[in-house]
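Reviewing the structure listed below.
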Amino acid sequence: MRRSSGVPGRATATAARRRAILDAALDGFTAHGFQATTMEDIRRRAGASTGSLYHHFESKEQLAGELYLEGTRRVQESGLAALLRHDDAERGIRAVVRWYLAWVARNPKLASYLIEHRHAEFMASAESALDRMNHALRDDVMRWIDRHVAAGELPALGMEMYWAILIGPSELVCRHRVRDGRAREIARFARDLEDAAWGALRAIARRRRSGRRP
């Protein structure tokens, strides 16, 4: 009988160790800040050996950048799935707003990290990967939007404007609630923010169809 090589088991253990290090880094960075958190702090929190820590991440800067990229990947995949579940324009727009608020409420530490560290110095090494991820997301989202623009249901706006209308106000609300430790309150703003986003897009679409000047 041929013995299993055990490679899948080692791969699972390696992934779990990396996950533990990332989680420990997130805890340290959000509790004490990037500068005050050392690699030794992260190692102790993760229960990892020094060799294991530096096998996965060469420096604190690389670790912080990887944490940002992984968090961004998680939030983008989740948000895109929430949008693509809906063929109806209004339901899709409202779903994105609800999803973002619910995601932040469930993941306040990661949300805070992503919001506060977008322009941190350690992001320099992650910019190229982040740009690729953002471009892929933009293409997927704009394909969905363009279908509804062609049907006259949504206005033809760039991704920057859609992001500002759909996520901008929600991000502001979330930023303050997360900072104050009140993430559980976020859900109560969902209906008003949904209405604001959908109402703004419909108003722009109507104005453009009518030919009125801004």
Taking the stretch 21-38 and keeping residues surrounded by fewer than 17 Cβ atoms within 10 Å (Cβ to Cβ), at pLDDT 95 or above and among the aliphatic types (A, V, I, L, M) leaves 36
Can you find a residue that is farther than 30 Å from residue 59 by Cα and without any contact (Cβ under 8 Å) to a residue 60 or more places away in the chain anywhere in the stretch 123-141? yes
The correct count of residues that are over 15 Å from the mean Cα position of the chain (by Cα) and under 16 Å from residue 99 (Cβ atoms) in the stretch 146-180 is 4
_Condition check for residue 90: within 30 Å of residue 203 (Cα to Cα), in contact with a helix residue (DSSP H, G or I) (Cβ under 8 Å, 6 or more places away or on another chain) and not in a helix (DSSP H, G or I)_ = no
Regarding residue 67, is this residue surrounded by 12 or more Cβ atoms within 10 Å (Cβ to Cβ), within 26 Å of residue 169 (Cβ to Cβ), among the hydrophobic types (A, V, I, L, M, F, W, C) and under 17 Å from the mean Cα position of the chain (by Cα)?
no
Of the residues in the stretch 186-204, those that are within 22 Å of residue 110 (Cβ to Cβ) and either surrounded by 13 or more Cβ atoms within 10 Å (Cβ to Cβ) or under 18 Å from the mean Cα position of the chain (by Cα) (or both) come to 186, 187, 189, 190, 193
If we ask which residues in the stretch 75-132 are in contact with an Asp or Glu (Cβ under 6 Å, 6 or more places away or on another chain) and over 19 Å from residue 169 (Cα atoms), their number turns out to be 2
Is it true that some residue in the stretch 98-107 is surrounded by fewer than 17 Cβ atoms within 10 Å (Cβ to Cβ), within 15 Å of the chain's Cα centre (by Cα), free of Cβ contacts under 8 Å to residues at least 40 places away in the same chain and part of a helix (DSSP H, G or I)? yes
Selection status of residue 112, surrounded by 19 or more Cβ atoms within 10 Å (Cβ to Cβ), assigned by TED's automatic domain parsing to the domain that holds residue 142 and small (Gly, Ala, Ser): yes
Subset of the stretch 142-180, residues touching a residue at least 40 places away in the same chain (Cβ under 8 Å), surrounded by fewer than 16 Cβ atoms within 10 Å (Cβ to Cβ) and outside any loop (DSSP other than H, G, I, E, B), comes to 175, 179
I'd like to know if the stretch 85-93 contains one or more residues that are surrounded by 15 or more Cβ atoms within 10 Å (Cβ to Cβ), free of Cβ contacts under 8 Å to residues at least 24 places away in the same chain and over 20 Å from residue 135 (Cα atoms). yes
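The values are calculated or read from the model by the stated rules, or taken from the named source; none is laboratory data. Predicted model only: the values in this text are computed from it and were never measured. No Cβ is skipped: glycine too gets one built from the backbone with ideal geometry, and neighbour counts run over all protein chains shown.
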